[in-house]
Amino acid sequence: MTATPPATDHGRAGRNLPAAVGAAVVLLAAIAASLFFWKTAFMVIVAAAVVVAIWELAQGMSAKDIDLPEQPLMVGGVVMVFVAYFFGAPALVTATGVSALVIMLWLLRRGVDGYVKNATASVFTLVYVPFLGSFVGLLLAEGGAVDFERWDAGVKGIITFILVTIASDIGGYAAGVLFGKHPMAPVISPKKSWEGFAGSAAACLLVGWACVVYLLDGAWWVGLLLGAIAVCMATLGDLCESVIKRDLGIKDMSQIIPGHGGLMDRLDSLLATVAPVWLTLHYLVF
């Protein structure tokens, strides 16, 4: 009989840290290169991420006999991302509505059984992934959809959004590993602690203030407001995705990113944060 190899113990970190750091560096390098050389290429990365995230959700929901129509969801999602970037918020709302109707019509071909369940899950996925993800396009387009300047307002806004969200993850991770003793939501996410949330808050406030003041030339209080919004929304996004995975009975959405799990396991905070970040910067900074 062949002995089963013991599971790798990653300690309180809960992940393979070297692999996680390596994967994060590669992803951030790709993002930085696209923003620096041709910012429209960044929207291609966003569209690809939307497609992969929809695929992951479809695989996860299949555990509960929910059959998402992947093709119209992916096509509609990509259209929504680019419509938001090139034509703005009103066009995004229209594209979202049309995509939802097309998906519901697409599901009619399958008949009556499971229609409500699959249609509801499909519209949920449409809003959760491509609609929220399309706010990245709205944020990047603040500098114009055409590359007039390499470091325009939109690019700086994207950098601010990414840094403040990463700050929440890193600050919470470090404080949670070092000091975490009091669980925030033990039933939903046992490793998330109030100490970790405090670390996330401190990091977000600092990074939000620094980015708005020194990168965007905005008021200091807007930076603190942005940081406060980011930490609340990033934490909420993380908890919501944890609830989804627990309901579906899976640990990770997939294993496509070494040390991180699935792409949705990294997009959860970003998806929840981008819309309020765009709203704050659009009306108080740009």
Requested in this report: Output yes when any residue across the range 221-231 is surrounded by fewer than 16 Cβ atoms within 10 Å (Cβ to Cβ), in the same structural domain as Ile162 (by TED's automatic domain parsing) and of a type in the set (Val, Ile, Thr), and no when none is.
Outcome: no
Report task. Restrict the check to the range 253-266 and report whether at least one residue is in contact with a helix residue (DSSP H, G or I) (Cβ under 7 Å, 6 or more places away or on another chain) and among the basic types (Lys, Arg). Result -> no
Query raised in the report: Given the structure, is Ile54 on the phi < 0 side of the Ramachandran plot, of a type outside the set (D, E, K, R), modelled with pLDDT under 95 and crowded, with 16+ Cβ neighbours inside 10 Å?
Result: no
Query raised in the report: Is there any pair linking a residue in the range 27-52 that is under 18 Å from Gly76 (Cα atoms) and assigned by TED's automatic domain parsing to the domain that holds Val78 to one that is of a type in the set (Ser, Thr, Tyr) and assigned to a helix (DSSP H, G or I), with Cβ under 6 Å and at least six apart or on different chains, and which?
Result: Met43/Tyr85; Ile45/Ser34
Query raised in the report: Taking the condition of a type outside the set (Gly, Ala, Ser), in contact with a Leu (Cβ under 7 Å, 6 or more places away or on another chain) and assigned by TED's automatic domain parsing to the domain that holds Ala275, does Cys211 pass?
Result: yes
Query - Checking Phe179 against (1) aromatic (Phe, Trp, Tyr); (2) closer than 22 Å to Ala53 by Cα; (3) at pLDDT below 95, the condition it does not meet - result: (2)
Report task. Assess whether Ile256 counts as being among the β-branched types (Val, Ile, Thr), within 15 Å of the chain's Cα centre (by Cα) and either within 14 Å of Leu139 (Cβ to Cβ) or surrounded by fewer than 20 Cβ atoms within 10 Å (Cβ to Cβ) (or both). Result -> no
Query - Number of positions in the range 120-154 that are of a type in the set (Val, Ile, Thr) and crowded, with 22+ Cβ neighbours inside 10 Å - result: 3
Report summary line: Restricting attention to the range 241-251, the residues that are closer than 19 Å to Tyr173 by Cβ and either crowded, with 16+ Cβ neighbours inside 10 Å or in the same structural domain as Val52 (by TED's automatic domain parsing) (or both) number exactly 3
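Here is a yes/no grid of residues against (1) within 17 Å of the chain's Cα centre (by Cα); (2) part of a helix (DSSP H, G or I); (3) under 27 Å from His282 (Cα atoms):
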position	(1), (2), (3)
Trp55	yes, yes, no
Ala63	no, yes, no
Asp67	no, no, no
Val75	no, yes, no
Val98	no, yes, yes
Report summary line: Within the range 40-50, residues touching a helix residue (DSSP H, G or I) at 6+ places or on another chain (Cβ under 6 Å) and buried (at least 20 other Cβ atoms within 10 Å of the Cβ) come out as Phe42, Met43, Val46, Ala47, Val50
Query - Condition check for Val83: in a helix (DSSP H, G or I) and either over 21 Å from Ile45 (Cα atoms) or over 18 Å from the mean Cα position of the chain (by Cα) (or both) - result: yes
Query raised in the report: Which is surrounded by fewer than 14 Cβ atoms within 10 Å (Cβ to Cβ) and modelled with pLDDT under 95, of Gly60, Gly97, Gly111?
Result: Gly111
Query - Residue list for the range 8-46, restricted to those being charged (D, E, K, R) and at pLDDT below 80 - result: Asp9, Arg12, Arg15
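The values are calculated or read from the model by the stated rules, or taken from the named source; none is laboratory data. Note that this is a predicted model, so its numbers are computed, not measured. Note that each Cβ is placed from the backbone with ideal geometry, even for glycine, and that neighbours are counted across all protein chains shown.
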